[in-house]
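Notes follow once the structure below has been shown.
The values are calculated or read from the model by the stated rules, or taken from the named source; none is laboratory data. Remember, predicted model here, so these are calculated numbers, not experimental data. Positions of Cβ are generated from backbone atoms using ideal geometry, with glycine treated the same way; all protein chains shown enter the neighbour counts. The area values use the complete protein model at the heavy-atom level, side chains included, leaving out ligands, DNA and RNA. Shrake-Rupley method; radii C 1.70, N 1.55, O 1.52, S 1.80 Å.
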Amino acid sequence: MKFKNILFIFFCFTITSSWCQDNKNDSLSTDGKLDDKYLNSLKLFKGKLDKEEYKNIKIRIENELNIKIPDGKDILINYSQKAPNCFIKGYSNEVVMQSIDRTIEISSRICEENNAIDFFVFSEDSFFKDFYETKKEFSLDSGFFYKNIFNLHEYCSAFFILKANGKFYKYYGDDYFSEVKKYL
């Protein structure tokens, strides 16, 4: 594994390079309302890794999650972190738990329909850490995802899709499953 390739991969995930596109770049809404300002501020980055880059990032993900991902499977990582834009933050504990359960259900169904495998990762400072710790589907981030893949900390929800063909999509914002369907 070439050190130069690893640096390039992390550069792409931490800085928007020439082949990563930021499609929505308006200012943030910090009032927690699902309004036009919030919707226009959602961010999508996409690009394509070559075979070596894909292999290297897949290995890093496998190592971080302590799992072997079958060849040919697309990867979906659902991510949760503490951030100023968090649509569900003000909801009751009951609604938050229902939302977490529904997220697991929808993600699993979409992945099953699209030859993908899904993972759920949360940061140490996530608003809902106590809830995630009760769910076997969720893994605590060692800091790898927070620093290298989900490096924007404006939204409490995000996803990363790494397709078996090397294409990737990284999206920041809540209620994102229509986007997941589109890219898987």
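What to note about this one:
- Checked against a 24 Å cut-off, the cross-linked pairs Lys55/Lys170; Lys46/Lys181; Lys51/Lys136 give Cα-Cα distances beyond that limit for Lys51/Lys136.
- Under the convention that each Lys and Arg Cβ holds +1 and each Asp and Glu Cβ holds -1, the size of the dipole of segment 36-154 around its Cα centre is about 280 debye.
- DSSP beta bridges confined to segment 32-184 are antiparallel in about 60 percent of cases.
- At a probe radius of 1.4 angstrom, the accessible area of segment 108-179 per residue rounds to 42 square angstrom.
- Within the accessible area of segment 68-184 (1.4 Å probe), percent carbon and sulfur: 47
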